[in-house]
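To start, the structure itself, in structure tokens.
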Amino acid sequence: RIDFSNDAKGALLLEPTRKNLFPYSEDFSQSAWVKTNIAITSNNTISPDGALNGTKLNENTVSSTNFRLRGSSVATTGANTLSIFAKASERNWIKLRENAQTGVYAYFDLQNGTVGQSNADDAIIEYYGNGWYKLSITDVLTSVAFDLRIAIADGVDTYNGVIGNGVYVWGAQIEQGSYATSYIPNFGNSA
């Protein structure tokens, strides 16, 4: 396809064939997503695709804890890349992990568009307009799962919550490969 993001003349965007291995890439209310100390507000903001389908993740307790959204595991081989679109609200940091057990992670600053602490093979943040960033991490694992945590600073994802504070998310993707390709929506099966 033609990509006009960096040049008004456009350039060819050539990508390999990929699958989004994670079901329910936009519907975070599904049981495939485990919510820990967060509440979901679906269709709360305009997402990068221009529709009112961005989701707000809200802290729902004032205790000192993790506020996280975790997806079920997907078996993979070789390099894997997780990506998700995120936008700051009352919080502007996110920690994204490929698997809660392995510890492969990166912190992302949604206000300044920078990557914080990371031990992933690759961690990238790209601006998509209207406050939205595409976050991606790549590593080599045999089992991959989203583990997305709201954070209050680089390296700080356990803190006292404020009910209703949070971030916006949309478009989760797990793909086999060493970099993120264009977003592939998934509504229940690998797409």
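The values are calculated or read from the model by the stated rules, or taken from the named source; none is laboratory data. For clarity, every value in this text was computed on a predicted model and none was experimentally measured. Glycine also receives a Cβ, built like all others from the backbone with ideal geometry; neighbour counts cover every protein chain displayed. Protein only, heavy atoms only, side chains kept; ligands, DNA and RNA dropped before computing areas. Shrake-Rupley method; radii C 1.70, N 1.55, O 1.52, S 1.80 Å.
Where the only charges are on Cβ atoms (+1 Lys, Arg; -1 Asp, Glu), what is the dipole of the chain about its Cα centre, to the nearest 20 debye?
Working: 14 positive and 18 negative charges, 70 e Å.
Dipole magnitude for the chain comes out near 340 debye.
Net charge of the neighbourhood of T65, taken over other residues with C-beta under 13 Å away and scored Lys/Arg +1, Asp/Glu -1, is +1.
The orientation-averaged shadow of the Cα convex hull for the chain, equal to a quarter of the hull surface, comes to 10.2 nm². Partners of K95 within straight-line reach, counting lysines whose Cα lies under 30 Å from its Cα and excluding those fewer than 8 residues away in the same chain: K19, K35, K56, K87, K134.
For region 61-134, the fraction of C-alpha pairs farther apart than 15 angstrom is 59 percent. Among A123, A75, A106, the largest mean-square fluctuation in a Gaussian network model of the chain (Cα springs under 10 Å) belongs to A75. Multiplying each eigenvalue of the alpha-carbon gyration tensor of region 30-106 by 5 and taking the square root yields semi-axes of 22, 18, 12 Å, largest first, rounded to whole angstroms.
GNM on the chain, alpha-carbon springs under 10 angstrom: the most fluctuating residue among A51, A151, A120 is A51.
For S29, S89, write out the residues from largest to smallest accessible area, computed with a 1.4 angstrom probe and no ligands counted. Mind dumping the intermediate values first?
Details: S29 70, S89 45 Å².
I get S29, S89, largest accessible area first.
Across the protein chains, with a 1.4 Å probe defining accessible surface, the residues T17, T45 rank T17, T45 from largest area downward. Based on C-alpha pairs under 8 angstrom that are at least 6 apart in sequence, the chain has a relative contact order of 32 percent. Residues considered: S73, S47, S31. Largest GNM mean-square fluctuation over the chain, using C-alpha springs under 10 Å, is found at S31. When Rg and the Kirkwood Rh are both derived from Cα coordinates, the Rg/Rh ratio for region 84-182 amounts to 0.94.
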